[in-house]
Each structure stands twice: as C-alpha cells, then as structure tokens.
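Chemist: Handing you a structure now.
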Amino acid sequence: MSGHTPQGNTQRIKAGPRAVAILGPYGSGKTTLLESIAVLTGAAPRKGAVTDGTSLGDSAPEARARQMSTEVNVLSTRFLGEDFTFLDCPGSIELMGETLGILPGIDAAIVVAEPDAAKAVLLQPLLKLLAEARVPHILFVNKFDKSRGAFRSLLAGLQAASELPLLLRQIPIWEDGAAAGFVDLALERAHRWQAHAPSRLVDIADVRREKEARFQMLERLADHDEQLMEELLGDVEPSRAEVFGDLAREFANGQVVPVLIGSADGDNGIRRLLKALRHEVPDVSAAAARLSLRGGATVQVLKTLHGGHGGKQSLVRVLTGSLKEGQMLYGPDGHEARIAGISSIVGSHALKCAVAVMGDVVALARLDPFVTGDTLSANKGGAKHLPIPWPVPVYRLAVAAHDRKDEVRLTSAIAKLCEEDPSLTFEQNAETQEMLLAGQGEIHLHLAVDRLQNRFGLALDTRKARVPYRETIRKAAVSRGRQKRQSGGHGQFGDCVLAITPLPRGAGFAFQDRVKGGVVPKQWIPSVEKGVRDYLKAGPLGFPVVDVAVALTDGSFHAVDSSDAAFQIAGRLAMSEGMPACAPVLLEPVMRLAIHVPNDATARVNGVIGARRGVPLGYDGRPGWRGWDTVQAELPLSEIGDLIMDLRSLTQGLGTYEMTFDHLAELNGRLADQIVLAQKAA
Ligand SMILES: Nc1nc2c(ncn2[C@@H]2O[C@H](COP(=O)(O)OP(=O)(O)OP(=O)(O)O)[C@@H](O)[C@H]2O)c(=O)[nH]1
Ligand SMILES: [Mg+2]
C-alpha cells in the first residue's frame, strides 16, 4: 500500500487512496465481492471461495471454522490507476460493533443486498446508521444470478428500508425468467453477463422500458438540480456530463442512494460497480470535513487488535496530513503516544512501511492509550472521541478459566477483547462469584471464547449466568439468642432479644437499638448488629435477606465473660431461630425492558413476554424508526437468558431490547421451591 500517486485524475492527485466499506446483512456476499474485486484489480492471482476456506479474507481460525466473516477484512488495491482500500465487514447482526468502529473514517460504503424482497427489511438498521453518519453509500444487489424476476417488489422493499431515496441506475435484462445482464441507464448501454469474464455489449432489446426507467432516474436527480428539471420539462435531452455530474454530486452529498445489480460469485457487474466508485466516491477530504478535522496529521482509529504475544495494533485511517515512524500522536483526554511502527495490511499479512499518507489505512503499533473511535492528531488538543453508538448487551454468559491457575491471565485477556470490541462487556459479580461476559448474542460470545483460546491459549468453561435472588419476610417475630459457654478461664456470654419485622419493598435493612437501662452495654450493641448482618447474607431460603428491620429490645450481659464475639454469636443465633417463623419468601429481580421490533412482530412479542412470565405495559412507535414499535414490558431476570433468540426469530434477526433493573418481586409456588432446593444443594 501506498505512497503511490494515483494517475489519471488530476483532481485527486494529492488525496491518496479512498476507503470504501463493504457492508450488508449476513451472508449477502460481501467477502465474495471482496474476492472478486481482488481478482479484477489484480491484487490476487485467482479467486478464493468462502465456502472452501480459500478466501483472501476471513483468514482468522474463528472465521474459517464458521464460514462467515468475524472481523473486518482489509484489501488495498488499485483500479484504473486509482488506489482504494476496501473494508469488508462481518454481516452478522451480533458483530455490528466491527462496522460501527470504521464508519466515521471511510469515504463511502457499498451495501450488499440480496435480490429478495422479504430480506430487504434487514438493511434498515444499517441504512439508517449510514444516513445518520452521513456516509455516502451505494446499494449493490448481489446474487442476481439467482434472481427470478419480481424486480418491482424488490425495489419497493429496498426503498421501504431506506430513508434516503434510492436511485435505480441499472435494470436487469431477463432471459427465460433469469437475469442475463443489465442496461446501464446513464450510458444507455446493454451488457450481457459472461461467466467470470467482462460483459458483452448488446443492443437494448426493450427501448421503451429503458427510456421509462431512465426518465425515472433523471426525475429523481432533478429533485436536486433545477436546470435538469427544466430540461426534463422541456423535453430537452440532458448532456452526458450533466447526468454524470449529478450522479456523483448527489451520491457524495448523500441525497440519493444509487442501486446497482450483479453477481459477486459470477464476477458480473463488479467492473461497473468499481467504475461508479472511481467516478463518484469523494476523496478523504470529505470525511475529514464531515468530522470537522483540520490541519496537521489526523487519523481515526477504525479498529483495535491485541495479539496474543505481540502488542496492540491500531488500524487507522489517515484523514489529513501524513504520518511517519517515531512521530507523536495526541489523543483525547490528554493522552499521547509515539508511533512505534507503521504497516500496511495485505490480506492477512502486514508489510512494514516508513510513512503513511492522507487516505491510507494502516496499522500503527503500540498506541496503548487510544481506543477505537478516537481521532488522534499530531497537534495537541486536535483530537476527540467520536460518539459511536455501541449496542448495549442483550446476552450474557458466565465464564471461568478451565484451569484455575489461568484466572489472572484470563481477566487481562478478556479486558483486551473488551477494549477491541466495546459491544462486548465484562463484569465480576461479587455476589454470585461469577465472571460475566455480556454481548450481542451466542455467536458474539462464543467468538470471544474462541479468540481467548486461539489467541491467548486460554481454555474456558461457560454456563448460564446465575440470577441474584433475594429473600424477605412477611411476618414479624421476636426471638432470643443466648450464647453461654464456660471453658477453662474466660467464658463467653452474650444474650439478646430481637424484634424482627418486615419492611416495605426496597427499604433494605434497618437496625434499631431499643435497649433500656443498659441491659446490653453500649459497646456490645454494634456486635449484635454485626451478628445480625452476618446472618442476613443467607436467610432461611439460602439467599441474601432484604427489607427487614431488626430491633434490639432486651438482653443481658456478664461482667467478665461478655465480649464482642459472644454478642455477635448471640445476634446471629437470635436471627437463625427467629427468621423461619417470619414466613420467608423468595424475591426475584424483575427488569424493565424496551423491546424494539419491526411492527409486524409487535403482537407476537406480547406472546413471548407472556410465555416468560412477563407483563406487557403497552407499545408505541419507535422514535425515529419508520415501521418499528417499542414494546414496554416487565420481565423476571431469570426469563431473560435467551430472550434475544426469541425476538430475533420473530424478526429475521432485527429485534433488540434494552433493560434496566426495576424491582424485586415475590416468587411463590413450585418454581420458588425448585430454586430454593437448588440453592441448598449447591
Ligand atoms: N449464487 C450466488 N451466491 C453467492 C454470490 N455471492 C456470494 N454467494 C454465496 O453466498 C454465501 C455467503 O457469501 P459470503 O461472501 O461469505 O457472504 P458475506 O456477506 O461475506 O457473509 P458474512 O461476512 O458472514 O456476513 C457463500 O456461499 C457464497 O458462495 C452470488 O453472487 N451469487
Ligand atoms: Mg464476509
């Protein structure tokens, strides 16, 4: 990679390579497209395939094992004298974090879709993100070799998923019900696809259909170009330069989303796609302007990677200026670090280079203080944190090192993975004694587990996260605890009477001293309280006790034998005798959820909530999301374990939720009995 001066286009001579992300739903053919681009542009001698593990991308063992992309694949290449870096992101909704990190610092995105109207809705979250981040994007409808008509309903579905107007630039040519090529509506040329070879120019068979589609394209362009509108109204044929000028400008301004079709598998339509990118993708200065970056050298951290042995690597895009080895970079919050190695990425390899220029995507070594989403600057104070909307966790697993001696190493390795991927979080739960990994779903978390194994050599056991149950009481009781022991010299004597009463939910614990006439001397009162508190760590049902008041009402002491320890024991004794008489009851945490789904699934979400002992609290349109609802609900935490799987299966994977703790609720009956039994057995 780079340092090369692009030839052929004087406007871009100093801007360096352009960075284009390849995004889209799971399995839509992004990595296959990357392979096709690699071969067409001469970056790879022959095409690899995702299905047999020979692709240039997806080379990590976790990706090969799953035959899916698990992290961004980087390809720097040159097409007709101009440099491009393609960043092929995983499509799985659980791995969206990888896309979020790179979004700010790229020039444009290709969104790869399938020619299936029913799947069009899958594009909505991504198209929304791109529109909000103001990143110009093009829709590439892939797998057209498999398409069997129904083009109109496909387009309607795609348009419903995009807030920005789509601009159809090509229409398919059908032969015997299958797509055989396309008509380019700007150039008015028909291309017949050939297997793994450049397409062949043919005559436009249906001129009327072509004219109609072209007119629609021009009309849409004219929405942002008055002169073109006049020409269309006056039946004047616009010049080719005008049409191409509008296509480039309206794409770069994010006013339209061009739609192209093809087949990555058959290498069809890819050259046309690359030509569109070459003409229309703005250079890096547009991204720098979008992020309000100026002057000196600035970069954005697109991705962070911790090797098992080597140090940290930061994949960055150079947005302004240039970088050289040894240069200082300043980050947000006053952090700084010196560049200790620049390398360009070629497939799974890194090549050392001395400098990086504006537009380049390179890996920088050991920028320890900086994280994904930071912009860094050669000038102090020129950097900032970009507000990246990392998704909140929706799935949790308890993890433990298979070998206890690995525990410390495990904690530090997990911290590294969480730094790489902020959509993965980690928490040590002191109460349940668990290490909890939380993230976007089963694939996401098992991927983390595999990485810990593959990169750090750490074997893990995983299981369902425990629910932090509590217990409380429903009745009051008075109970006496007496500790009296005579053994050799000093004896032990402590005696207390406790009134135990229930408190309202959420009140916690209260201790009251109601001793009269010093029957328990002042210095032993905290000892009684300590004994009580100690007891409350596990009540009659085996769980921490909450919402009780304990009052010390009476007792006695011995001038020689009373001690702190004796009064602690007495307090604990009084509790363990009194509590079972207080009608103990199990309390379970109940969460408040906001569940977001496309609105055709709303009614069925209520069913899912009901089946999980939840209470639906109503729904409303999801603010800012056309065609979506947000359902409010209360659900017991114990029922949330794999809720995300249910929601996703109702919504083709799109459903999601946020939750916060709401309250503790009494749990009675068989379910409660089972939980208590299991706790006693543990
Ligand atoms: N028929 C047909 N199949 C394709 C085409 N492009 C990709 N495929 C197949 O679709 C499957 C998924 O392809 P990938 O390239 O791995 O898709 P992806 O979008 O990178 O998948 P993720 O990164 O896991 O989201 C593979 O079996 C490909 O062979 C195409 O143009 N036509
Ligand atoms: Mg892929």
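Chemist: Quick one: which of Ser28, Ser55 is within 16 Å of ligand 1 (Cβ to nearest atom), modelled with pLDDT of 95 or more, of a type in the set (S, T, N, Q) and on the phi < 0 side of the Ramachandran plot?
Modeler: Only one candidate qualifies: Ser28.
Chemist: Could I ask something else about it? Which number in (1) out of contact with any Cys (no Cβ under 7 Å at 6 or more places or on another chain); (2) within 12 Å of ligand 1 (Cβ to nearest atom); (3) under 26 Å from Gly373 (Cα atoms) marks the one condition that Val72 misses?
Modeler: The single condition Val72 does not satisfy is (1).
Chemist: Here's a check for you: in segment 198-231, which residue that is under 38 Å from the mean Cα position of the chain (by Cα), open to solvent by 40 Å² or more (accessible area, probe 1.4 Å) and of a type outside the set (D, E, K, R) is nearest to Gln159 (Cα to Cα)?
Modeler: Gln216
Chemist: Suppose we filter segment 137-146 for residues that are touching a Leu at 6+ places or on another chain (Cβ under 8 Å) and in a loop (DSSP other than H, G, I, E, B); how many remain?
Modeler: Result for segment 137-146: 1.
Chemist: Between Asp620, Asp642, which is open to solvent by 60 Å² or more (accessible area, probe 1.4 Å), acidic (Asp, Glu) and at pLDDT below 95?
Modeler: Testing whether each residue is open to solvent by 60 Å² or more (accessible area, probe 1.4 Å), acidic (Asp, Glu) and at pLDDT below 95 leaves just Asp642.
Chemist: Please find, within segment 505-518, the residue that is most open to solvent (accessible area, probe 1.4 Å) out of those that are of a type outside the set (A, V, I, L, M, F, W, C) and under 22 Å from Leu586 (Cα atoms).
Modeler: If we take residues in segment 505-518 being of a type outside the set (A, V, I, L, M, F, W, C) and under 22 Å from Leu586 (Cα atoms), then Arg505 is most open to solvent (accessible area, probe 1.4 Å).
Chemist: Looking for whichever is more than 16 Å from ligand 2 (Cβ to nearest atom), open to solvent by 40 Å² or more (accessible area, probe 1.4 Å) and either touching a helix residue (DSSP H, G or I) at 6+ places or on another chain (Cβ under 7 Å) or on the phi > 0 side of the Ramachandran plot (or both) here; the options are Ser153, Ser162. Which one fits?
Modeler: Ser153
Chemist: Among helices (runs of 4 or more DSSP H) lying entirely in segment 230-312, which contain 1 or more residues that are in contact with a Phe, Trp or Tyr (Cβ under 7 Å, 6 or more places away or on another chain)?
Modeler: By residue number, 270-280.
Chemist: Determine, yes or no, whether Leu33 is more than 10 Å from ligand 2 (Cβ to nearest atom), modelled with pLDDT of 90 or more and either surrounded by 24 or more Cβ atoms within 10 Å (Cβ to Cβ) or not acidic (Asp, Glu) (or both).
Modeler: Taking the combined requirement at face value, the residue does not satisfy it.
Chemist: What number of residues within segment 255-269 are away from ligand 1 (no atom under 16 Å from the Cβ) and touching a strand residue (DSSP E or B) at 6+ places or on another chain (Cβ under 8 Å)?
Modeler: Going through segment 255-269 one residue at a time, the tally reaches 3.
Chemist: Quick one: in segment 75-95, of everything that is under 17 Å from the mean Cα position of the chain (by Cα) and over 21 Å from Val141 (Cβ atoms), which residue is nearest to ligand 1 (Cβ to nearest atom)?
Modeler: Checked segment 75-95; the qualifying residue nearest to ligand 1 (Cβ to nearest atom) is Leu95.
Chemist: Considering only residues that are modelled with pLDDT under 95 and either within 16 Å of ligand 1 (Cβ to nearest atom) or aliphatic (A, V, I, L, M) (or both), look in segment 8-25 and name the one that is surrounded by the most Cβ atoms within 10 Å (Cβ to Cβ).
Modeler: Ala15
Chemist: Here's another thing I want to ask about it. Kindly list the number of the only condition in (1) more than 16 Å from ligand 2 (Cβ to nearest atom); (2) under 22 Å from Asp360 (Cα atoms) that fails for Ala120.
Modeler: All conditions pass for Ala120, except number (2).
Chemist: Please go through segment 626-639 and pick out each residue that is at pLDDT 95 or above and open to solvent by 50 Å² or more (accessible area, probe 1.4 Å).
Modeler: Selection gives Gln632 alone.
Chemist: Could you tell me which of the residues Ala413, Ala448 is more than 26 Å from Pro387 (Cβ to Cβ) and buried (at least 18 other Cβ atoms within 10 Å of the Cβ)?
Modeler: Within the list Ala413, Ala448, the selection yields Ala413.
Chemist: What strands (runs of 3 or more DSSP E) completely inside segment 406-501 contain at least 2 residues that are under 22 Å from the mean Cα position of the chain (by Cα) and of a type outside the set (D, E, K, R)?
Modeler: 425-429, 434-439
Chemist: Just give me the residues in segment 641-682 being farther than 26 Å from Lys128 by Cβ and of a type in the set (A, V, I, L, M), in sequence order.
Modeler: Listed by number, the residues that qualify are Leu664, Ala665, Leu667, Leu671, Ala672, Ile675, Val676, Leu677, Ala678, Ala681, Ala682.
Chemist: For residues that are in contact with a helix residue (DSSP H, G or I) (Cβ under 7 Å, 6 or more places away or on another chain) and of a type in the set (A, V, I, L, M), scanning just segment 57-87, find the one that is farthest from ligand 2 (Cβ to nearest atom).
Modeler: Per the stated criteria, the residue is Leu80.
Chemist: Taking only segment 165-177 into account, find how many residues are open to solvent by less than 10 Å² (accessible area, probe 1.4 Å) and among the aromatic types (Phe, Trp, Tyr).
Modeler: Qualifying residue count, segment 165-177: 0.
Chemist: How do the pairs read when you match residues in segment 388-399 that are touching a residue at least 40 places away in the same chain (Cβ under 8 Å) with residues anywhere that are hydroxyl-bearing (Ser, Thr, Tyr) and open to solvent by 20 Å² or more (accessible area, probe 1.4 Å), using Cβ under 9 Å and keeping only pairs 6 or more apart or on different chains?
Modeler: Pro391/Thr656; Val392/Thr425; Val392/Thr656; Pro393/Thr425; Val394/Thr656; Leu397/Thr462; Ala398/Thr462; Val399/Thr462
Chemist: For Glu219, only one of the following conditions fails: (1) in contact (Cβ under 8 Å) with a residue 40 or more places away in the chain; (2) within 19 Å of Leu260 (Cα to Cα). What is its number?
Modeler: (1)
Chemist: Do you know which of the residues in segment 338-364 that are out of contact with any strand residue (DSSP E or B) (no Cβ under 6 Å at 6 or more places or on another chain) and modelled with pLDDT of 90 or more is least open to solvent (accessible area, probe 1.4 Å)?
Modeler: Gly359
Chemist: Listed residues Ala356, Ala340, Ala363; which is of a type in the set (A, V, I, L, M, F, W, C) and farther than 30 Å from Ser36 by Cβ?
Modeler: Ala340
The values are calculated or read from the model by the stated rules, or taken from the named source; none is laboratory data. Please read these numbers as outputs of a predicted model, since none were measured by experiment. All Cβ positions, glycine included, derive from the backbone under ideal geometry; neighbour counts span all protein chains shown. These area figures cover heavy atoms from the full protein model, side chains too; ligands, DNA and RNA do not enter into them. Shrake-Rupley method; radii C 1.70, N 1.55, O 1.52, S 1.80 Å.
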